[in-house]
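What follows draws every value from the coordinates through simple rules; no lab data is involved. Bear in mind that the values here come from a model prediction, so they are computed numbers and not experimental data. Here the Cβ is made from the backbone with ideal geometry for all residues, glycine too, and neighbour counts use every protein chain on show.
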């Protein structure tokens, strides 16, 4: 049985990679905090020396105690996480961009766009936020070569249509970044870029495809035209503000942030297409991996997409080798690889939410599904368990960043689940069709608009249910309180009687909310 691409069958949990992955994550996250760069590097050096010394001692022994070896692996990954995050942090904090930013100096920069521009609508008009990797800096008569990330905040036209990989040059006023930012400086720009290079062929093709989907969806009615690109590719540039707020209140915001569910749908669709071919297992796995890679480039490698993509790739390799795919080792391996390759992900909210939701589906959902299956049909118990597990593990994180607690997220996501796959598949087909034949792309987008309309209706009605969202203290304290409450409930679940009571109560609450939402929507 698979749910959203995660294997929920009862299998022994392989926890060998969990400790090293968490250790590397903690090291990378800790090294990125506002700590003296020299102290971070000293910590990494001490950890590495202790690891090497202990390893040398253990190798002289005839037998190595397994927990000791596992502890050394965690210690080594902790040191690696501190090191890979500490070196870039040191370069950012002590480099010329940081010094000029602290002095708020004027400078000219040349660099490469690293991600899609984001448009922020505020009281002073539109502000375009463009991540750029600076490769040349001109200030105070000095010409400096470097490779440091900055955020360009532009109020002039010409910035919002840039694509990743384009080379740009401009001038502006530098400023220091916020404490939580992973950039060396912020650049305030009031003019269009002085020069703009061509994007790479891959990014040009991806940009053309994304624009093709927006054009195909432009004929849809109302907010559907902005939801379809967001649902398929995470492109929320045209998403209606009221729909965005409804999705947030209903606990459905993850649907417009491309994540594991979208990658799982692409993997499943590619597998169905190639399954009955005469190709060997490795060639079939290569086809599915190519489809996944194309989707990651198309949707842009955001933190959640990267996590889902790497985890999916590990599962594809396991399937090609004929080995059973285990979700928890794949998740741990993807976390370990990503935080060591891109340590800034260790402090990304999107990455943390993606990993937490997947862990909830893998660890909590199977037991909850079985507990509920004794009191209701299995076809109903499964989506209820999945929605509840994802909601439970993500709610503390959402509270920590300033969100309330949604009381309708579980039934709303249950009602929305059936529409996500058709809308995603039809949207991807419309994206591809836009290359060759616009009428076909528009027809597919029209079909995709039907499940999009259903999602909008569910979010609209759920957001207006009395008590849909309750206020909760935000920040770390509020998150800890919510975690404590959740742990108390989970402890009750472990008792047989408490499990039955909680299962029945969950079913009753979800059923009542489903009835309210359904009647309000006129279903």
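Computed extension length for residue 127-residue 211: 28.1 nm, one decimal, from 0.36 nm per residue of separation with the Cα-Cα distance subtracted. Between residue 435 and residue 105, what FRET efficiency comes out of the Förster formula 1/(1 + (r/R0)^6) with R0 = 41 Å and r the beta carbon distance, rounded to 0.05? After rounding to 0.05, the efficiency reads 0.35. Extension gain for residue 16 to residue 156 (0.36 nm times residue separation, less C-alpha to C-alpha distance): 45.2 nm.
Normalised by the number of residues in the range 136-205, the mean separation of alpha-carbon contacts (under 8 Å, six or more apart) gives a relative contact order of 37 percent. The label-point distance for residue 375 and residue 277, in a model that sets each label 7 Å from Cα toward Cβ, rounds to 4.7 nm. Here the label points at residue 49 and residue 450, each 7 Å from Cα along the C-beta direction, are separated by 6.9 nm in the simple model. Taking the fewest neighbouring Cβ atoms within 10 Å as the starting point, the ordered list for 252, 376 is 376, 252. In this simple spin-label approximation, residue 118 and residue 135 carry label points 7 Å from Cα along the Cα→Cβ vector, and these lie 2.5 nm apart. For the pair residue 173 and residue 200 in one chain, pulling the backbone fully straight at 0.36 nm per residue adds 6.9 nm over the alpha carbon distance.
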